[in-house]
Structures are given as structure tokens and as C-alpha cells.
Amino acid sequence: MEVVPAWAPAVGFTLLPHAGGFLGSKITKKEIPVWYEALQKPSWCPPNWVFAPVWGTLYTSMGYGSYLVWKELGGFNEKSVVPLGLYAGQLALNWAWTPIFFGAHKMGWGLVTLLLTAGTATATTASWYNINKTAAYLMVPYLAWLTMASALNYHIWKDNRNKKQSE
């Protein structure tokens, strides 16, 4: 008798990244109408409605990729420490960005966090490539979005850093 259904790990790994996104959305929803809307943003800034479906897609993609790596390596073991450890690190950094940028209004520290996230996500992708190419390819849209998000965060910080920030 199976204690855990065979499909449960795939679902769990796929949904895990959404946990931080869901919690972060509570902060974002409060801050967008007042603080974020008042910031000067570049003309190429995506409209606000784009962010939720994009992040939902990216979280699903990276989560499923982590499942593929976990499954390929036979679960949590010595071989999975680096690839899944890097993944956990980039996910923690990803989740930290919202409270830093939106919650604390620390645009510069948000940028630092994003750059660390991008670096760790790149290392994650590279470590996954020789384990499961599909998992690595599932990270590529995320890396592209992190590049855009880093540029956007930089421009928002640069164009608004001398303004008094609301607390």
C-alpha cells in the first residue's frame, strides 16, 4: 500500500513556488494602488495585470522542473543537494524580493536581491542541464523574466531614489 500517491510529489513540487507568490501578493496588492503607482517607471514597464499570470506560469514551470530533477536523482539524497539546494536558495531569494521592494520600499536592496536571485537561478539552471534538460529549459523563461525585472527594478530605483519614500 502506497502512503503517498505517485502523483503527489509532482503536484507538491509544482505548487510549492506558488506559496511565496501567494504570500507576496498580499503585500503587493496593498502597495500597488498608492506607493507603486506613484513611482516613475520606464515606458516599457509592463502593465500591472501582466505580472500575476506571468509569475503564475513561471512558478509552475520552475516547480515542475524541480520535480523532474528530484525524480531523476531518486529523491532527496547526496546527489540532489547541490541542484535542489541552489533551487531552494533562488526560490527563497525570489520570495524575499516582494517584502523588500514592496513591503519595505527598499528599491536598491530589491535590486540586489533580484541580481542574487538571477545569479542563483542561472546556477540552478546550469546544474540541472546535465541531470534533466527539460527541467533546465523550463527555467529559461524565468531567467528571461528576471533579466527584464532586474532592468525594471534598476530603472525604478534610479529614477526614484532621491524622492522621499513613504513608510
Inset, instruction - Could you please let me know if THR134 is over 19 Å from ALA38 (Cα atoms) and without any contact (Cβ under 8 Å) to a residue 60 or more places away in the chain? - result: no
Inset, instruction - Quick one: count up the residues across region 13-25 that are more than 12 Å from the chain's Cα centre (by Cα), closer than 19 Å to GLY85 by Cα and open to solvent by 40 Å² or more (accessible area, probe 1.4 Å). - result: 1
Legend entry - Tabulated pairs, region 30-49, first more than 17 Å from ASN162 (Cβ to Cβ), second open to solvent by less than 80 Å² (accessible area, probe 1.4 Å) and in a loop (DSSP other than H, G, I, E, B), C-beta under 9 angstrom, 6+ apart or interchain: GLU31/HIS105; VAL34/SER166
Inset, instruction - Kindly provide the set of residues from region 50-65 that are open to solvent by less than 70 Å² (accessible area, probe 1.4 Å), among the hydroxyl-bearing types (Ser, Thr, Tyr) and touching a residue at least 60 places away in the same chain (Cβ under 8 Å), ordered by number. - result: SER61
Inset, instruction - Return yes or no: is ALA151 open to solvent by 60 Å² or more (accessible area, probe 1.4 Å) and among the aliphatic types (A, V, I, L, M)? - result: no
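Could you identify the single residue in LEU111, LEU84, LEU68, LEU91 that is touching a residue at least 40 places away in the same chain (Cβ under 8 Å), buried (at least 16 other Cβ atoms within 10 Å of the Cβ) and farther than 22 Å from MET148 by Cα?
Numbers: LEU111 fails: farther than 22 Å from MET148 by Cα; LEU84 fails: touching a residue at least 40 places away in the same chain (Cβ under 8 Å); LEU91 fails: farther than 22 Å from MET148 by Cα.
Being touching a residue at least 40 places away in the same chain (Cβ under 8 Å), buried (at least 16 other Cβ atoms within 10 Å of the Cβ) and farther than 22 Å from MET148 by Cα holds for just one of LEU111, LEU84, LEU68, LEU91, which is LEU68.
Report yes if LEU152 is hydrophobic (A, V, I, L, M, F, W, C) and touching a Pro at 6+ places or on another chain (Cβ under 9 Å), otherwise no.
On the way: hydrophobic (A, V, I, L, M, F, W, C): yes; touching a Pro at 6+ places or on another chain (Cβ under 9 Å): yes.
Yes, satisfied.
The values are calculated or read from the model by the stated rules, or taken from the named source; none is laboratory data. Keep in mind that what you see is a predicted model, and the values were worked out from it rather than measured. Every residue, glycine among them, receives a Cβ derived from its backbone with ideal geometry; neighbour counts consider all protein chains shown. Ligands, DNA and RNA are excluded from the accessible area calculation, which covers all protein heavy atoms including side chains. Shrake-Rupley method; radii C 1.70, N 1.55, O 1.52, S 1.80 Å.
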